[in-house]
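This report concerns only the one structure given below.
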Amino acid sequence: MLLKLSALILFTIALMLANLCLGDVSVSPLEALQTVFSAGTGSGSATELHDVISSIRLPRLLTAAVVGLALATSGYLLQALSRNDLADPYLTGVSSGAALGVAFAMLCKFDFQSIPLFAFAGGIIASFFVAFLAKGQAHYGLSVAKLLLAGIALSSVASALITMAMTIFGTQLMAQGLNLWLLGGISGRSWAELIPTSFYVAVGFVAALATAKQLSLLSLGEETASSLGLNVGRSQVIILAAAVLLASSAVALSGMVGFVGLVAPHISRRLFARAVRLQLVTAGLTGACLVLFSDLLARTLNASQELPLGTLMALIGGPFFIYLLSHSLERVNQ
């Protein structure tokens, strides 16, 4: 287990270094690290390289890591809460609700520090709405079919509301910017946007780690967990709040990036069995790797134009979702 964890950490560091070195101007790993830890003094070319790495690439790669960690941890919590392997912030409509909150904040011209709060409010409303519609039989969690249908319906409604609001109340430039943001991407993210949002992600991640025992008990079923002394209702609210805070923070930073919260928890559970706290950490690291890798491809596959991050993640996560859905339906039919 220690070997697997060490390999995952090293792979994450390697991806971060690759994101730091590769781009329109490629540099060696040693030169990149020296530039990061230097004060930015020197000749004109050295100063320019320092600005590129410290002001553009470093905040961008850290943004990718934070977004991946937040979405993956949120997905893990939603899957554990619903006892449904297909739960994901994107598929369950939580991300769409958060996006609607962000669009409202943009239209009202609030500063970026307040945007995660609006995203959180939208995500909370969406999550309760979907959970209400997807509630299955007592003590059996959420219905898979209802969860997906409710999430798709909510995403469609949220997308329509965003488009209508932007068309009526927004400028053409604002509408174009929001459309690009909805496709998912972290181009141009700076320290000013990363640092305040990272605080919300840190709070959500610590809260997720603190619920490890509750998650273990809830995996046994609501009746069994209650009989073992767990306050099921309070635990579910805390877990849901942490999941929505993480997903909403990610949406505020990167827009609509799907399937990270679906793929990463499955990989984590396969590698690390039943250790819930370790699974949370490794799911976060796996999510960071997925977004770092996808963002690297987005920047380097097409030299003339950057590809949308959300599109690349859909190409990776879409087939995985189809695979999981087919196996889920097979188990239902047996």
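Step by step: first the residues of segment 85-101, then only those that are at pLDDT below 85 and more than 14 Å from the chain's Cα centre (by Cα), then the one that is surrounded by the fewest Cβ atoms within 10 Å (Cβ to Cβ). Which residue is that?
Ranking the qualifying residues of segment 85-101, first place goes to ASP85.
So in segment 299-319, with the set limited to residues that are aliphatic (A, V, I, L, M) and part of a loop (DSSP other than H, G, I, E, B), which one is nearest to the chain's Cα centre (by Cα)?
LEU307
Regarding segment 226-240, can at least one residue be identified that is free of Cβ contacts under 8 Å to residues at least 60 places away in the same chain, among the charged types (D, E, K, R) and in a helix (DSSP H, G or I)?
Yes, some residue in segment 226-240 is free of Cβ contacts under 8 Å to residues at least 60 places away in the same chain, among the charged types (D, E, K, R) and in a helix (DSSP H, G or I).
Can you name the residue in segment 149-168 that is under 15 Å from GLY255 (Cβ atoms) and among the aliphatic types (A, V, I, L, M) and, of all such residues, is surrounded by the fewest Cβ atoms within 10 Å (Cβ to Cβ)?
Only one residue fits best here, namely MET166.
Could you list, in sequence order, the residues of segment 1-47 that are outside any helix (DSSP H, G or I) and at pLDDT below 85?
MET1, GLY23, ASP24, VAL25, SER26, SER38, ALA39, GLY40, THR41, GLY42, SER43
What is the residue count in segment 245-279 for residues that are within 10 Å of the chain's Cα centre (by Cα) and either assigned to a loop (DSSP other than H, G, I, E, B) or of a type in the set (D, E, K, R) (or both)?
Residues in segment 245-279 being within 10 Å of the chain's Cα centre (by Cα) and either assigned to a loop (DSSP other than H, G, I, E, B) or of a type in the set (D, E, K, R) (or both): 5 in total.
Does ALA242 satisfy the criteria of being at pLDDT 90 or above and either among the acidic types (Asp, Glu) or under 16 Å from LEU91 (Cβ atoms) (or both)?
No.
SER55 - would you say it is loosely packed, with under 15 Cβ neighbours inside 10 Å, over 24 Å from the mean Cα position of the chain (by Cα) and of a type in the set (Ser, Thr, Tyr)?
Taking the combined requirement at face value, the residue does not satisfy it.
Residues are listed down the side, and each one gets a yes or a no for (1) touching a strand residue (DSSP E or B) at 6+ places or on another chain (Cβ under 8 Å); (2) touching a residue at least 60 places away in the same chain (Cβ under 8 Å); (3) assigned to a helix (DSSP H, G or I):
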site	(1), (2), (3)
ILE168	no, no, yes
ASN179	no, no, yes
GLY184	no, yes, no
LEU194	no, yes, yes
ALA202	no, no, yes
ALA208	no, yes, yes
GLN214	no, no, yes
LEU220	no, no, no
GLU223	no, yes, yes
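In segment 167-184, which residues are within 29 Å of ALA87 (Cβ to Cβ), aliphatic (A, V, I, L, M) and either modelled with pLDDT of 80 or more or under 18 Å from the mean Cα position of the chain (by Cα) (or both)?
LEU180, LEU182, LEU183
In this structure, does LEU292 turn out to be at pLDDT 80 or above, crowded, with 16+ Cβ neighbours inside 10 Å and aliphatic (A, V, I, L, M)?
yes
Residues ALA202, ALA145: which one is out of contact with any helix residue (DSSP H, G or I) (no Cβ under 6 Å at 6 or more places or on another chain) and modelled with pLDDT of 80 or more?
Every option except ALA202 fails the conditions.
Taking the condition buried (at least 16 other Cβ atoms within 10 Å of the Cβ), modelled with pLDDT of 90 or more, over 17 Å from ASP88 (Cβ atoms) and not β-branched (Val, Ile, Thr), does LEU194 pass?
yes
With the requirement that a residue be more than 18 Å from LEU307 (Cα to Cα) and among the polar types (S, T, N, Q), what does segment 8-32 give you?
THR12, SER26, SER28
The values are calculated or read from the model by the stated rules, or taken from the named source; none is laboratory data. Keep in mind that what you see is a predicted model, and the values were worked out from it rather than measured. Note: ideal-geometry Cβ built from the backbone for every residue, glycine included; neighbour counts use all protein chains shown.
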